[in-house]
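Input: a single structure, listed below in structure tokens.
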Amino acid sequence: MSDWKCDDKEWMKQRKKEWPQYRFNFSNAIEDIVDLTKQELEDLKVYFLTGDTSKIKTFYKLWSSILLELWLHPSEDVDVLTQVFNRHSEEKKNYSELPVYSKNDRNIFYRLAKHRHSVRFKGASRLNGRDWVIDQVFMPQTLEDCIELEGESERERLVRKFCMDPCYDWGDFLTRKEHFDTDICVNKIDIWKSAVKLSFEQYKDEKGIVWLIEDLDTFFASTNEKHPKQVKLAQDIIDAINDPEMPQALRDRVEEIRVSNYATK
């Protein structure tokens, strides 16, 4: 069964309505889109609307082709998109000398998926609401997979990144009023736990952890309406902190932060 429901008038109507939003967002995100001809841009639109596989070759002219195809594909199924990823990875080699899947591609996705910064976009998010499913297919999901991709020389940077970045992202998620359904930060509990196990003593005095605990406590104390994903994330963080496999130093630091009334050193 095709992921493109071309015989469904309502589906096609909605798809046509969404195209300008997608076009605006990916044109601002992928630099070499400007190098495509008018006809090649039309090819992307035809693929978006109908899934015409003869248009896929146009993607291969772009550095971030694999990200863009996942972006324009309608499926929300991780298995389906994994097949798209694998097929694209093999086919592109036949049409282009550009890299198939690069660090730059991952950096572009990570930047687009960030919700902490106010950037103009159209639709549900900068990735048109496809943040979560693309993340599951496009980005490594464990710390060791990240290190394997980026190289052992990047280990220290990546450990710090995944130890501290979620603290800021989660704090923002718990205090904002919108964009709950598209933020990938809710999926980063396990990778954060891996990084904390390796490095918490090194980073325990960072302001990010203080601010996270303050935001977490404020969230639980608030009587304001809470989104279900906020509630789940907050509980997931608490459960992660209290996991017996996590360093005792983490729980000691959380208690210390609360006693100090969230003072930063």
Review point. Quick one: which of 237, 257, 184, 241 is of a type in the set (Val, Ile, Thr), touching a residue at least 12 places away in the same chain (Cβ under 8 Å) and in contact with an Asp or Glu (Cβ under 6 Å, 6 or more places away or on another chain)?
Key: 184
Check your understanding: What single numbered condition from (1) part of a helix (DSSP H, G or I); (2) without any contact (Cβ under 8 Å) to a residue 40 or more places away in the chain fails to hold for residue 101?
Key -> (1)
Check your understanding: Across segment 1-22, which residue is farthest from residue 124 (Cα to Cα) among those that are touching a residue at least 12 places away in the same chain (Cβ under 8 Å) and in a helix (DSSP H, G or I)?
Key -> 12
Check your understanding: Of these, 100, 84, 119, which one is open to solvent by 40 Å² or more (accessible area, probe 1.4 Å) and of a type in the set (A, V, I, L, M)?
Key -> 119
Study note, to complete from the structure: Going through (1) open to solvent by 30 Å² or more (accessible area, probe 1.4 Å); (2) farther than 25 Å from residue 157 by Cα one by one, residue 216 fails only at (1)
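Go through segment 23-43 and count every residue that is open to solvent by 50 Å² or more (accessible area, probe 1.4 Å) and either assigned to a helix (DSSP H, G or I) or among the basic types (Lys, Arg) (or both).
8
Could you tell me which residue of segment 48-68 is surrounded by the most Cβ atoms within 10 Å (Cβ to Cβ), considering only residues that are in a helix (DSSP H, G or I) and within 16 Å of the chain's Cα centre (by Cα)?
At the first step, the residues of segment 48-68 found to be in a helix (DSSP H, G or I) are 48-50, 53-59, 65-68.
When the remaining residues are screened for being within 16 Å of the chain's Cα centre (by Cα), the result is 66-68.
On the way: 66: 24, 67: 26, 68: 23.
Within segment 48-68, the match that is surrounded by the most Cβ atoms within 10 Å (Cβ to Cβ) is 67.
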Check your understanding: Looking only at segment 2-22, which residues are surrounded by fewer than 14 Cβ atoms within 10 Å (Cβ to Cβ), closer than 15 Å to residue 75 by Cα and touching a helix residue (DSSP H, G or I) at 6+ places or on another chain (Cβ under 8 Å)?
Key -> 3, 6
Practice item. Output the residue which, of all residues in segment 219-265 that are within 23 Å of residue 184 (Cα to Cα) and β-branched (Val, Ile, Thr), is surrounded by the most Cβ atoms within 10 Å (Cβ to Cβ). Key: 237
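The values are calculated or read from the model by the stated rules, or taken from the named source; none is laboratory data. Because the structure is a prediction, the values reported are computed rather than measured. Virtual Cβ from ideal backbone geometry, glycine too; neighbours counted across all protein chains shown. These area figures cover heavy atoms from the full protein model, side chains too; ligands, DNA and RNA do not enter into them. Shrake-Rupley method; radii C 1.70, N 1.55, O 1.52, S 1.80 Å.
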